[in-house]
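Below: one structure, written as structure tokens.
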Amino acid sequence: MSRRILIVIGHPDLSPDRLCRSLAKAYGEGAEKAGHAVRRVDLAAIDFPMLRTMQEFEHGAVPDELKDAADAIVWAEHIRVLGGYALATGVLLIALALTAFRSRQPIAVAGALVGGAPAIGLMSVVNFMIDSDFKWPLFACALVWALSLIMYRFESYNPVLEQRQSQPGDKSKEPNP
């Protein structure tokens, strides 16, 4: 069964060597080889005016620069949005895990919640709502994220771990000569 697929590229850099652009290209080529009709909208390539007021948003006409994109959205049966946000958030969470989480800084939990809830949690929910091809991998990421926060909390209040960390003369904490 052939579908009409729209690929929206949200990365702000027009360079073709960006990961998001490579993913969009591969996804489009694969969909076309499978017999699907594919259109692409590259947001970085569209020079469209910004909306300045609520009046423009609610009652203004669609700018000419966005009419093709609007038509493509109406045309599509399946929309795939690719951008740099998820990758950036993943890098943020890895940086937190390698720094603040390791040194048991309380700010690490706040950073993981603020960085992970909208990126991992919300993206997972939205991908289930739109029945995305990536819903299960995103769910796995969301599960790892949630479990890491639970384990952080468990380890923070674990008296055995605290006792081990506070014992003087612990050879595992002393640097090697």
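The values are calculated or read from the model by the stated rules, or taken from the named source; none is laboratory data. For clarity, every value in this text was computed on a predicted model and none was experimentally measured. FYI the Cβ positions are ideal-geometry reconstructions off the backbone, even for glycines, and counts take in every protein chain you see. Each accessible area value is taken on the protein alone, full model and side chains, heavy atoms only, with ligands, DNA and RNA left out. Shrake-Rupley method; radii C 1.70, N 1.55, O 1.52, S 1.80 Å.
In units of the compact-protein estimate 2.2 N^0.38 Å, segment 1-90 shows a Cα radius of gyration of 1.21. Projected label points at Leu149 and Leu14, each 7 Å from Cα along the beta carbon direction, are separated by 4.0 nanometres. Taking the 1.4 Å solvent-accessible surface of segment 7-53 as the whole, the part contributed by carbon and sulfur is 57%. Residues whose amide H lies under 5 Å from that of Val38, counting only those 5 or more places away or on a different chain, are Ile5; hydrogens are built 1.01 Å from N in the peptide plane.
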